[in-house]
Structure formats: C-alpha cells, structure tokens
1. Over 30 Å from B:K174 (Cβ atoms) and open to solvent by less than 30 Å² (accessible area, probe 1.4 Å): is that true of B:V283 in this structure?
2. For region A:144-256, which fully contained helices (runs of 4 or more DSSP H) count at least 1 residues that are without any contact (Cβ under 8 Å) to a residue 40 or more places away in the chain and farther than 30 Å from A:T81 by Cα?
3. Taking A:Y49 as meeting all but one of (1) on the phi < 0 side of the Ramachandran plot; (2) away from every other protein chain (no Cβ under 14 Å); (3) open to solvent by 40 Å² or more (accessible area, probe 1.4 Å); (4) part of a loop (DSSP other than H, G, I, E, B), write down the number of the exception.
4. Are any residues in region A:133-158 within 30 Å of B:V235 (Cα to Cα), open to solvent by 30 Å² or more (accessible area, probe 1.4 Å) and within 14 Å of chain B (Cβ to nearest Cβ), and if so, which ones?
5. Pick from B:G492, B:G488: which is in contact with a His (Cβ under 9 Å, 6 or more places away or on another chain) and in the same structural domain as B:Q557 (by TED's automatic domain parsing)?
6. Of everything in region A:113-143, what is without any contact (Cβ under 8 Å) to a residue 24 or more places away in the chain, within 44 Å of the chain's Cα centre (by Cα) and part of a loop (DSSP other than H, G, I, E, B)? Give them in sequence order.
7. Give the number of residues within region B:424-446 that are surrounded by 13 or more Cβ atoms within 10 Å (Cβ to Cβ) and away from chain A (no Cβ under 12 Å).
8. Would you be able to say whether some residue in region A:444-452 is within 46 Å of the chain's Cα centre (by Cα) and either open to solvent by less than 10 Å² (accessible area, probe 1.4 Å) or not aliphatic (A, V, I, L, M) (or both)?
Amino acid sequence: MKENRRNSNSSRSISIMILTITILANILVTFLATFYEHDYDEHIHWNLYVNDVPVGSGAGNNPYVNVGEPLNEGDVLRMETVLPDLGEISFPAFQMRAQYCAVQVLVDDLIYKEYDMDKYRKGSYIGANNYLVSLPEDYAGRRIQLRVHCQADNVSVPLYNLIFDSEPNLRYIFLHMVFLPISSGAVLLLLGGILLIISLSFSINNRMFLSHSLSALMTTGMGAMLHSHFGITAIYWDGMNVSLLYYVSSMLVLLVAGIWSGRILDKLYRFLHRCIIWTYGIYVLLRILLHAAGLLWIHEYFGLELVAGLFLLLPIFLDRRKAAREGTEWFDDSWKLQIFGMKASFLFDIVAYSCTMLGSMFFKDFHNLLIMVEIIALTGGMMIFPVCQLVNFLRFSTESFRRNEEFDDLTRVAFEDVLTRLPNRASLNRQVMSYENAKMDYTIVSIDVNGLKHTNDTYGHAEGDKLLKGFAQALKNVIGRNGFCCRTGGDEFLILIPESLAQAENDLLRLSGMLEEMNEREKHPWKYEAAYGCALRGEADSFHEAYLLADQRMYEKKRKQKAKHSAGEKNGRSRKPSHERG
Amino acid sequence: MESAKIKAAFNLSMQVSLAITFGFILTYLYLSISFTRLPDGILDVSGSWLTRTEGETFVRPNTRDRFLRKGEEVEIRFFAPTLYGSMNESLCFVSQGTAFVMYDWLGREVYSYGMDLLEEHRMIPRKVHFIRIPERAKQHSLCLQFVAAQNGARVRFRSAYYGDVEKLETIYFKRKSFALLCGLFLMGFGFLLIMLRFFFKGWFSKLYGTFFQGMLLFDIGLYTLCYNDLFSLFVRNERISTFVEYLSCMFLPILIHQCIMRNQDRRRKRLPYFICQLMLGMVGIVILLHFLKVVHINELGPVIQAVLLIWAFYALGWLTLTIRRDLERMGAELYANISRRCIYFGLYSMILLSLCDFFLSATGQSYGIFINQDTRGLFIMLGGCILIGDMLLSYFFHTVGSMQEEEVRERLEGLAYTDELTGLSNRAHCDRFMAENSVKHLKCVIVSFDLDGLKKINDIEGHQAGDAYLTGFAALLTENFGRETLLGRMGGDEFIMITTDLDVLKLDNRLYKMFLMAKDDQIRFSYGYAVSDEVPGGNLQTVYMLADQRMYRMKDQHYEESGEEKS
C-alpha cells in the first residue's frame, strides 16, 4: 500500500513536470520567435466609415477595435488613408486578417484587388482569412481604401493584424508570429498519422487497440485544428475553407475525446455516456447540414461546444475508474497520466477560447496580448495530450528495461557457470530438449580435464581455476558457433555438435592442437590436457544412454593415456556418468 | 517461441515502415501534383535563358545544373516581358556560391548580390532571390553576370520563375510545403524528446539513447529545413542558414553513431568511440577553418561528402554485424531486444535513404519529371519519419509487453488467492487483506461463520457430500452477501465475511434471515460478529478472534439445543 501511495505521488509530480515543460517550451519558442524587426514601424491613421457614416479614426494594427459597434450582416465598413512614403522598399505591401467579411482594396477610387467578393455575392461562407496585398511601385502619396463587407452578425473585430511593410518582411513577421502553432501543428498532424499506422498494424484484439487509435485520431485532429485556426493550412491544402475546417475538426476532436473518455466508465455510466455521445454526434451532423444549407453559419453559437465538452468529458473529471483491482497500480498510473493529459488539454482550450471571446468583447486594448496568450494556451493544450502519451510509452519502456535487466541477472546466475562463464547443466537440459524436439542427430562429446586435482593439490586452487578458465576459453574458441559446450561438473565438460562424428573428430583435433599451442605459449608448471569420448545420439535410444556411451569411451581413452604416460596419477575413482551422480 | 516473437516484431517494423513510406509518398504526390500547375501570371523561365561562359557565344542552357569552377564567369541574357494584370513583375531564382550583378539593356545596374562579400573573401551562401524588375527594364533583355566564388557553385536555372511577386512567394511556399511540414515535425519531435530526457533525468536513465535519438531527429529536421532554403525564412540570414546546413550535415553521422553506440555493450565500444571522437575532431577543425577564414564551410562540401560516404558504408556494415550478433544472444531480454531491433531497423533505413539522397544531390539529379522538383532531401525526411515510426513501435512493444506480463501476473495472483472448492477468497488472501487494512484503520464488521456437523456428513455420507455441503453454503453466502467487501473460507468449515457497512442491527437481521434460509436447505451453521471499534488499535486479526469467540458461543448454544456432542 505504501508503494501505491508513492506511485500516485510520482504520477502527480510527473503531471506537474509535463505541465511545466509544455508551458516553458511554449513560452521559450514564442519568445525566440518574437525577435524580428519591422522595416517600417509607424502607425498609419485610418478614417473609418460604417455604411458611409463617419465613426472616427483609428491607428495601429487593429484600427476599428476602439471605435464602433459590432457590425451586422450587410454592413459595409470603409477605411481610408493616404499612404506615406516608407522609403526604399522593394516590394511594398500590407497584411491583414479578415473575419467573416469580404474585402475590396481600392487605390485612388479604382478597384485594385478583391478578396472573397464572389463568395459574398453568392452568399457562400467566407470565414477567417489572412491576406497579403502587394502595392504598386509608386504607392507613396496615393489614397487607399478598404471596403469591408460583413457577412455575419455581431462581428466586433472584422479586420485586424494590419501591417505595412515590405513583402518578404511581412511573410517573415507572419511566420514568426505563428511559428509555435505551425510547428506544433506539424508535429501533431504527422505524429497522429504515424501513431494511427502503428496502432492499426497491431492486432485488433489488443486490449489497448481502440484507445490508442482514438488518441491517434485525436492528435491528428488537433493538428488540423491548430493549423486551420491560424490560417496555415492554405500552404498545403489549397481551396479549403480554413474556418470551416477549424470548426468541423474541433467538433470531431471533441467527439473523439468524448468516446475516448467514455472508455474508463462502469457499465451503467457508460450507457448514459453513450447516449450523450450519440446526441452530440447527431448535433454535429445537424450543424454541418444547417451550415451547408446556409441557415446557420457554423461559427455561430460556438460557445455551446464548451457545454457539450463539459458533458462529454465529465467522466474524466468525475474520475470513476473501473473498480481498481489489486496489482494494477502501474496501469492505474498510466491511466492517470493520460486522463491528466486530457483534462489539461481541455482546460487549456477553455482558457484559449475565453481569451478570444474576451479579446473581442471587453479588453479591446489588450487584443494583441490576448492573441499571444491564446496562441500559447491553445498550442500548449494541444501538445499536452500527446506529450502525456509519449511519456507514458517512455515509462513503460523504462520499466520493462529495468525488469529485463533484473531478469537478465537472475538468468545469468541460473544458467551460467560462474567460474568459466560457460553454460551450466540447467542450460544443457534446455539445449538437449530443443535438439530432441527438432528430432535431429548430433554428436555428444564428453571431455575430462586431466590433472585438475593434481594441479589443485600442488599449485593451489588459484592455478586450478586458471586451468579451467583457459580450457573453457579454448573450448569456446574451437566450438564457438558450431555447437554447444557446457561445464557439467568439477573437471567435466560436455559438447553437443549437431553434425556427424567426423566433423566432431575434426573439431576435437583442432582443440588438442590449440591446447598444445597454449601449453607452449603460456609457461605454466602444469599442462592443458584432456581426454574425450564421442558418441552419436543415433547410437543409443536416448540422450541419456548416448551420454553414458560417450563417457565410457572417454574413460577408456583416459585409461589408455594413463597407461601410456604411466605418470603416477592416482586412478582409484569409480567413474560414473556425472549426470547420474548429479 | 521467442525467436518467433522477434521475427514477428521485425516483420511488424517492416510493415510499419512500409506503411509510413506509402503514406509519405502518397501525401507527397498529392501535394506536388496539386501544386505542379503554375497559377496564371507566373512564367516558368527555366528554359528561356541564353548563357555564355568566358569568350564563347550565347547558347541555350542544358536542363541539368552545371557546376562551376572557382573564378569562372557566366553571363546570362534574359528577356523580361510585361505581364497582363501584373504590377510587380519580378524574377525568382536560386544562386549557390555565386555573386552576380544584373544590368538592364542600357548597362545600368539593377541589382547586385555578393560582390562585396567576394571582395572581402567571405562566404557566399545559397540564396533565393526575389528581384523586382523596374518599369524601365521591361520589354528588353536583361543581363546577369555571375562570378563563381567556389568550386561546385551553381546558378539554379531549373527553378526560375517570372511574375507577380505575391504569387511568386505563394508558389514558393506551396512547393515547399511538404518539406516545411516534415522538417518542422522532425524538429518538433526531436525537441520534445530532448526536453523530456532533460527533465526526467534519473528516470529514463535506463532508456538508452532517447536523448541522442531526439538530437538526431532535431538535426535531420534542421538539415532538411536548411537544405530546402526554409530555415532562412525564420532567421532571414542566408549565411547562418548555409552554415547551419553544413553543420547539421556533419553532425548527422555523429548522432547516428551515438544512437547505435548507446544500445551496445560497453566492451564493444572502443572502436566506435574512437571513430566518433575522430569525427567530432573533424567537425571542430572545419568550424575552426571557417571562422579563421582559411576555407569556407561550403567549399569543404566535397570533403564532407567523401567522409560521410565512407562512414555510411562503415555504419551499414557495423549495424549488420550488430544485428547478427544480437540474433544469437536473445532470450531473457526479449523486449529490450525487440525494441533495439526496431531502432536498428529505423537507423538502417535512415542511412540507406540518406545515401540515396546523397547520390542524387552529388549528380545534380532531381527526383523525376512528374514530381515537384523544388523539394530536396526527400529521402532523408522519409528516413527520419521511419525512424520515428520505429521508435514509437518499440515503445509500443514495451507497453504491450508489460501489459501482457501484468495480465499473467493478475491471473496467477487470482489463482493463488482463491479457494478452489468454493471460489471464495482463500485464507492467504483474507490474511493479507486483514493485515493491509489494519494499517489503514479500516472501520468494518467481521463476521465469522462455522458450519455445524460437517465432520458427521464427511464420515457418514463421504467426502463428496461434504464438498457439496460446503459449496451449498458458499452459494448461500454469495447469494446473501455477495456485494460485501470480502467473502472467504478460512479453513475446513470456517468462513469469514468482512463488510464496511457498520449498521449492526441491519446486519443481524440479514444474518438471521440467511440462517432461516439455510435451515430450509438443511444447512446449519453458527456465526458471530465483531466491529473493529470494539478492539483498541483496530487490529483486524484481533477483531476476527473476537467474532470467532462469539461464534463459538452460538455454536455451544446450538449443541445444547440439539443435544448432540460437540464435534
């Protein structure tokens, strides 16, 4: 239980860390991105008329904001100014962002450029767009007029971000301003795509399949949302209505988030939640149909989504997880982390949304600041969920690396001989099993190191260990990948070679050659010497009997050697196959 | 079985990589086809130049880029038309390592770039030029005189456009949109990994190479952005952009090297470590030379390329060996092995794809006729995406692996904690539950049950009947108190129930009801209960003992009633 508490604590601290990382990274990137210079930094004064009635004048990049009432459908806002001389600029231009309105640009009362006027005349949806208007070469001193035709009701900021500068500079300023959304949007879009591919290629009956796919979908959707909100999709998706994409994708993301969060519920609640999801799905469909029919623009009453979101994501805030079972703290933790990501994402988006609302309604002076906050909050909110997912994966990997390492150590102890680093008897059994299962013939070689006891007695155990180690090394070098060698007892080794007897003899010849070479090279008082006997597995009925056979042959050979040397090594031991003595 | 699993993992990473490649190509084709057609008012002037190298006559240029020698001069003639409905005709093209001056038909200078840099012997970077054609120069031919500042400099005749500047910039953006998205994605993902690694220092210490993988991805992103002239949009300084391009290109092998090295045994690291040091030294020398103005970094291009090429083949061999060696020592560390395999696979394809790119750029080829020719470094980007895919795949394997382990553990624990005969919790579980909740000071009521006459039934009717008697009681218990916190069998005929409902009166009623029900089924039992508050300290074992005592009191009563002997 104590451990449980510690885990939940660590999960909380991780959540806080993720929060700080995301916010810090966002602020860092925004801060870095705001380092740009205007070639020209002077406010231009505009005279403003609504439906040809003068309403005052404004300056800066949002001239209308402090002046008039919200505009309604059919209203025409006219802005006039005389362009000042900006000096030597190669490509004079200005940039603006228009919401729910079509814009005509007139130079000296002649129509110079039109934006979305055809849509306005046809009555199809316009949405919000960024425009870059390049000016004629001899712009200085000319009168310029913007006619803004409003398409929707209650638009208080129809035109903003109005900046005069050279054209490359304007691109540069724009890119810097949206650097955060553009980069995190790219990350979200492509990461979501890759995650989707991966979760799809995992088997369907995997327990986490659905939730992984859902979160991948959500990630992609959030990327699309982010890009469309700041009007960047135009770069790669031509001819798409950016605002429409934004509203539709945010509704769909909300829907997917709802389905995702419903997965943590109990049966009864799940039913209720499912009802809510279906209702919302039908609502989304209805909104899209209404928009297509031109009855209700999709951006109107968009505040309702917040209410819907509250209902859809209620399970996360109630946090009624499936009855916590014993021993699943780790999974509990991972759920907690993901739920935290969802929560934070949603809350951040609420902040961002209210920034926009407040910015356009009440705090008009801080419009630019609020846009900045909105960018940070929106991007941060979008990034938190995938980051939580990523951290979750990383935690699993760390945990499994740790377990593997522990396991590795344990198996090393269990299956390896400590002194010689050769496999031990337990792994011999496994190896034999695998050979037997494959029904293949192989040669069994039983080897006995001569004179170990003598070395131990005369030169000490350290020298005896050296002898064993050297011998094991020689074995490894000679047999290596051809077969399997292990140490079965004090001075007994065993080799399995999955080939014929001749090949085995060949290997053994090489082994004795190597031992002789070692004897010559290393000046020890003792000598590497071994006796061996071979038997084919096919010669006997079982491995066990074949082993006995090999052992007998080895023993005969040893006796012969001893007779040859007749060097007084004692030979009173009764030999039995070592695995019987076991 | 394990090797089969590894093979499956390998196949899966292959599949995922293929799927990513497929998606990548599809997206790219979609983007390039939809932007291949030039909008009205833009002229592709790639073929309408006349060029002349020193002392020769004007000829039409080859479509393939020609590399220039240092100091070589090239003159280009070009007719600048007036376009209908356009006010800002301008010319857009790329120069690499060349300085140039543009004259109008009367020999007046219109635009010049890099001549001052050439005199000061500073680096002349690659730059995208947007040149406004003044009114006086239109309808006549323009003359551009290029001077190559380095070997291998070139004027990119291929992507030269003439038209309204607004549209030119738009088309410029759109044609590079894929590179922009991909580069930013790689950079952003790398940035995330680096940040995470940085913050969770102690935590991911076992996760080999997350940091370097992050760095590698960031580096690839940076390189592709620079290589596609997009980085200069953000810093607006082509000199920095070119410098960063070469720098990130040189860091590419080092980071890949580190990624491979992180996943290896310490014993095998000596040679790779040495090579890594060597390459770092090379980078240091190149930077030093650049800042001392001995050799500019972009003049070292061929040297860097040669080193990269040699290294790439070395790395491919090394990776192959490592993968083969890994195949032999599989076993216990299954998931680590699988994930390592995934990452190796990603790196492998990454290196191969970069080699493709390398050959393409070295021979001055582009990707093909149908594909939009303005995106460069496509294969490297693809490699980066595949690497990300394989990394995520390896994380997935870990997640799935731990989940399976957890499931097995749960099942085993379930076996260990249930009583086989009755399906209730067994004694071990009950004891553990009581021990854990004693620490928590759980307020609860413990009821102890004991069956009467089990021994008699066992003796007379046999053990099977006894078992049936026990299961019958267990079923009855579950029926009546199945929703309570814990039901368990403590031993032969002893049962336990723990409930957090402290309403003792209600409990007493329910127990009595159950007692009557049991009587109908010919089951007789005794019970006793105790509340945890009755015992100071709230040790549940003590509470259980108390309940047991009360149960025995009832049992004695029962025996008195029936007049039987105690069993």
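The values are calculated or read from the model by the stated rules, or taken from the named source; none is laboratory data. All values reported here derive from a predicted model rather than from experimental measurement. Cβ: placed from backbone, ideal geometry, glycine included. Neighbour counts: every protein chain shown. Side chains are part of the model used for accessible areas, which takes the heavy atoms of the whole protein and leaves out ligands, DNA and RNA. Shrake-Rupley method; radii C 1.70, N 1.55, O 1.52, S 1.80 Å.
1. Yes, satisfied.
2. Values: elements: A:167-177, A:179-201, A:209-229.
Fully inside region A:144-256 and qualifying: A:179-201, A:209-229.
3. So the condition that A:Y49 fails would be (4).
4. Let us first name the residues in region A:133-158 that are within 30 Å of B:V235 (Cα to Cα), namely A:133-140.
Filter again for open to solvent by 30 Å² or more (accessible area, probe 1.4 Å), leaving A:137-138, A:140.
Selection gives A:E137, A:D138.
5. Result: B:G488 is the single residue among B:G492, B:G488 that is in contact with a His (Cβ under 9 Å, 6 or more places away or on another chain) and in the same structural domain as B:Q557 (by TED's automatic domain parsing).
6. Hit for region A:113-143 is A:D116, nothing else.
7. Residues that pass the stated criteria total 10.
8. no
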